[in-house]
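Notes follow the structure.
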Amino acid sequence: MKTIGLLGGMSWESTESYYRALNTGIKASLGGLHSARVVMVSVDFADIEALQRQGDWEAMANILAREARHIQMAGADMLLIATNTMHKVAPEVAEAIDIPLLHIADATGERLVADGMQRVGLLGTRFTMGQDFYKARLTERFGIEVLVPEEEQREQIHRVIYEELCQGRIEPSSKVGYLDIIETLHQRGAEAVILGCTEIALLVNQTDTDLPLYDTTAIHAASAVARALEA
């Protein structure tokens, strides 16, 4: 079994979901008392969030690259950045290490293509929804059209992520609001919706809607499990 490197803490609530998904996946594949071989570094999200507000992506790239090197030195065979938003600096992180970085958008795009999806909605932070580092990768590499909510809805989604989900708060009213946005994306032609922030699956899941939801945390972790078990 290969060792999975996990760069987490952004937020720790979703990193906990990653750790559970990795171990559940290994146990499902190997049975018995098997669990995942994981090397993890968990950063202080308060430091990262402050830099996000300042727009200092270079500083964030330096932090994540440094921690990725620590993970590699600890024996990891691959790296997961356990957050969608921070894949904005994935190229800089990948450049800093000699082990493969498993990109969350690639894992998601592969799943969407396998399921025949061509037009999808995207929920995430304002950075993920508003910038091209994630959307363009899905379009250019996988031919998938990506729809995002209107600006007011994007601000609502972002606020809930940072003020509630990243702080362990699950509010029923926010769930209703998210489901309304998902339905609006469906009416605009989305065949499915990507839960493109690793915390969103803490709030809504497939039992809440008939529209297919793609939980990027689960997809990313499953991709890592498959890689870890390759001969």
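Numerical summary
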{"quantity": "Cα-projected label distance for Leu179 with Thr207, points at 7 Å along beta-carbon direction, nm", "calculated": "1.2"}
{"quantity": "Of all accessible heavy-atom area on the chain, the percent that carbon and sulfur account for (1.4 Å)", "calculated": "46"}
{"quantity": "GluC sites (Glu not before Pro) within segment 107-202, DSSP loop, no more than 14 other Cβ atoms inside 10 Å", "calculated": "Glu150"}
{"quantity": "Of [x] 20.6; [y] 18.9; [z] 17.8, the label for Kirkwood radius over Cα pairs in Å derived from the coordinates", "calculated": "[z]"}
{"quantity": "Asn62 versus Gln131: modelled label distance in nm, points set 7 Å from Cα along the beta carbon direction", "calculated": "1.7"}
{"quantity": "On Cα atoms only, tilt of 216-228 relative to the major axis of the chain in degrees", "calculated": "30"}
{"quantity": "Sum of side-chain charges, Met78 neighbourhood, beta-carbon under 13 Å (Lys, Arg +1; Asp, Glu -1)", "calculated": "-1"}
{"quantity": "Heavy-atom surface of the chain, accessible at 1.4 Å and reported per residue (Å²)", "calculated": "45"}
{"quantity": "Hz values of 3J(HN,Hα) by residue in segment 4-17 - Karplus curve (6.51, -1.76, 1.60), Gly and Pro given as x", "calculated": "8, x, 10, 9, x, x, 10, 9, 5, 4, 6, 5, 4, 5"}
{"quantity": "Three-way shape call for segment 45-180 based on the alpha-carbon gyration tensor, with the a/c threshold at 1.5", "calculated": "oblate"}
{"quantity": "Nearest 10 degrees, 0 to 90: helix 132-142 Cα axis against the chain principal axis", "calculated": "80"}
{"quantity": "Taking the chain and dividing mean pair separation by its residue count, relative contact order in percent (alpha carbons under 8 Å, at least six apart)", "calculated": "24"}
{"quantity": "Inter-part distance where segment 127-190 and segment 1-69 are each reduced to a Cα centre, Å", "calculated": "22"}
{"quantity": "Near-label residues of segment 164-200 by backbone N, under 17 Å of a point 7 Å along Cα→Cβ of Glu151", "calculated": "none"}
{"quantity": "Tensor-based shape of segment 29-118 (alpha-carbon gyration tensor, a/c under 1.5 rounded, otherwise prolate or oblate)", "calculated": "oblate"}
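The values are calculated or read from the model by the stated rules, or taken from the named source; none is laboratory data. Quick caveat: nothing in here was measured; it's all calculated off a predicted structure. Positions of Cβ are backbone-derived with ideal geometry, glycine not excepted, and every protein chain shown enters the neighbour counts. The area values use the complete protein model at the heavy-atom level, side chains included, leaving out ligands, DNA and RNA. Shrake-Rupley method; radii C 1.70, N 1.55, O 1.52, S 1.80 Å.
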